[in-house]
1. Out of all the residues in region 198-233, which are open to solvent by less than 10 Å² (accessible area, probe 1.4 Å), in contact with a Phe, Trp or Tyr (Cβ under 8 Å, 6 or more places away or on another chain) and not in a helix (DSSP H, G or I)?
2. Going by the conditions given, is K87 touching a residue at least 40 places away in the same chain (Cβ under 8 Å), open to solvent by 60 Å² or more (accessible area, probe 1.4 Å) and either β-branched (V, I, T) or within 30 Å of H178 (Cα to Cα) (or both)?
3. Being in contact with a Phe, Trp or Tyr (Cβ under 9 Å, 6 or more places away or on another chain) and at pLDDT 95 or above narrows it down to one residue among I4, I92; which is it?
4. Regarding E148, is this residue at pLDDT 95 or above and either open to solvent by less than 50 Å² (accessible area, probe 1.4 Å) or farther than 21 Å from L196 by Cβ (or both)?
5. Please specify each residue of region 177-197 satisfying the condition of being open to solvent by less than 30 Å² (accessible area, probe 1.4 Å), of a type in the set (S, T, N, Q) and part of a helix (DSSP H, G or I).
6. Looking at (1) open to solvent by less than 10 Å² (accessible area, probe 1.4 Å); (2) of a type outside the set (G, A, S); (3) in contact (Cβ under 8 Å) with a residue 24 or more places away in the chain, which is the one condition that is false for E174?
7. How many residues does region 4-51 contain that are in contact with a Lys or Arg (Cβ under 7 Å, 6 or more places away or on another chain) and either surrounded by 21 or more Cβ atoms within 10 Å (Cβ to Cβ) or β-branched (V, I, T) (or both)?
8. Can you tell which of E117, E97, E112 is surrounded by 18 or more Cβ atoms within 10 Å (Cβ to Cβ) and over 18 Å from T36 (Cβ atoms)?
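The values are calculated or read from the model by the stated rules, or taken from the named source; none is laboratory data. Just so it is clear, the model here is predicted, and its values are computed rather than measured. Glycine gets a Cβ as well: all are built from the backbone with ideal geometry, and neighbour counts include every protein chain shown. Each accessible area value is taken on the protein alone, full model and side chains, heavy atoms only, with ligands, DNA and RNA left out. Shrake-Rupley method; radii C 1.70, N 1.55, O 1.52, S 1.80 Å.
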Amino acid sequence: MKLIRVENYEEMSSSAAQLVEQQILNNSHSVLGLATGSTPLGLYEQLIRGVSERGISWQHVQTLNLDEYCGLAEDHPNSYRHFMNEKLFRHIDIPLENTHIPDGKALPVEAECRRYEALVDRIGPPHLQILGMGTNGHIGFNEPGTPETSLTHCVQLETSTRNSNARFFSDRDEVPTHAITMGIQSILKSEQILVLASGKKKAQAVKRFLDGRVTKDFPASFLWKHNHVTLIVDQDAYSLAAAEEE
């Protein structure tokens, strides 16, 4: 586990962008695992600037997103396909056919999970997987209790996760109750994993993660079983762990 401590969200985003761009420079045909939510927004802004200001090309890159809400069409304003198109893909030179996200409307959902896992194996696994960390330790939508052996699957979302994501919807009741997510084992297939954590609301999760105790009650802890994980954490998110050091 490599720990990179930075001052704030902006520095976290910039540091993460440097690692992603270096991966693309090292291998123009890189497969990148991407995440949604508020945590990677600054990273995606930096990557968009990287195309125009630093000449980074995504022409041959393939992307695999972690998850998608069940029941939302790709053009729904709260679908993760729509999020990725608007926050990253439409602003860089990646062909849209090189961007892959589970189909939230596909039925039966179990068949879509199998299709997506096969896709991960066929074009990946990712050379670099980007992750956020939920306040309850979820990675992707792998909630507490998810087994280490899990592959892409449909999950019922915890109340805390739905509450956290309600800010993106006009009403909490509109937040989907289920999602398709790459599983713990799917994520651990990646060559490298980059975890981002920012803000005081993530401080407890970061502290628990850094204690190194592996348990399915805190899914992010399974990352300790991977041999190439980098955690970039800002001062606020590291505050409780720092206090314990003193």
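1. Of everything in region 198-233, those that are open to solvent by less than 10 Å² (accessible area, probe 1.4 Å), in contact with a Phe, Trp or Tyr (Cβ under 8 Å, 6 or more places away or on another chain) and not in a helix (DSSP H, G or I) turn out to be F218, L231.
2. Here the answer is yes, as K87 does meet what is asked.
3. I92
4. The answer is yes for E148.
5. Within region 177-197, S186 is the sole residue that qualifies.
6. Result: E174 fails condition (1) only.
7. Counting residues in region 4-51 that are in contact with a Lys or Arg (Cβ under 7 Å, 6 or more places away or on another chain) and either surrounded by 21 or more Cβ atoms within 10 Å (Cβ to Cβ) or β-branched (V, I, T) (or both) gives 1.
8. Being surrounded by 18 or more Cβ atoms within 10 Å (Cβ to Cβ) and over 18 Å from T36 (Cβ atoms) holds for just one of E117, E97, E112, which is E117.
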